[in-house]
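The values are calculated or read from the model by the stated rules, or taken from the named source; none is laboratory data. Here the structure is a predicted model, which is why all the values come from computation and not from measurement. Heads up, the Cβs are rebuilt from the backbone with ideal geometry, glycines too, and the neighbour counts pull from every protein chain shown. Accessible surface is based on the protein model in full, side chains and every heavy atom, while ligands, DNA and RNA are left aside. Shrake-Rupley method; radii C 1.70, N 1.55, O 1.52, S 1.80 Å.
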Amino acid sequence: MVNKVVYINAHFKPVGKYVTVQVPTGETKKGFFGGEKAVYAKEEQWQQTGWSDCQIDGARLSQDIARAVDSLNQDGFEVVSVTPIMSGAYFYQYNAQGITSSPRILRDTEKVSGGGSYGFGYGFSFTEGVTVIAKRVA
């Protein structure tokens, strides 16, 4: 039995905003001095401004998986499993108000006049990609 392993990378979702743009209508009108002037209409269009830092593009990942499965099937393989590969990210912040020394969390035994501190942190996971395992069909 011959097996084949294919990794399919997940891509982050594009992010953007709607902007109003001037689009030519194909029509012309006479200008003030008798010349021809193009006519424009306002239209809302979505423009990509970057990529998400926390959401994957599930639709694109599904299409990429479908292409890989089709390719494997055409090469005489049958998919046995599709396994997600997870990654994680985190963010934290610590602030020591009124403390002039290097920021650190104070122990109960340390006395700092007028000082205090706070902090927060979080983490999350996302699908980095998938591994497709297939076996050759006899």
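Things to note:
- The lone criterion from (1) part of a strand (DSSP E or B); (2) in contact (Cβ under 8 Å) with a residue 24 or more places away in the chain; (3) hydrophobic (A, V, I, L, M, F, W, C); (4) open to solvent by less than 70 Å² (accessible area, probe 1.4 Å) left unmet by Trp51 is number (4).
- When the residues of the range 1-24 are filtered to those that are open to solvent by 70 Å² or more (accessible area, probe 1.4 Å) and outside any strand (DSSP E or B), the one that is farthest from Pro84 (Cα to Cα) is Met1.
- Conditions (1) at pLDDT 85 or above; (2) farther than 30 Å from Tyr7 by Cα; (3) not hydroxyl-bearing (Ser, Thr, Tyr); (4) not in a strand (DSSP E or B); number of the one not met by Phe33: (1)
- Residues (over 30 Å from Ala138 (Cβ atoms) and touching a Gly at 6+ places or on another chain (Cβ under 6 Å)) located in the range 1-51: Asn9, Ala10, Val15, Lys37, Trp46, Gln47, Gln48, Thr49
- Of Ala138, Ala66, all but one fail to be modelled with pLDDT of 95 or more, of a type in the set (A, V, I, L, M), within 30 Å of Val2 (Cβ to Cβ) and exposed (fewer than 12 other Cβ atoms within 10 Å of the Cβ); the exception is Ala66.
- Single unsatisfied condition, Glu27 versus (1) at pLDDT 95 or above; (2) exposed (fewer than 12 other Cβ atoms within 10 Å of the Cβ); (3) of a type in the set (Asp, Glu): (1)
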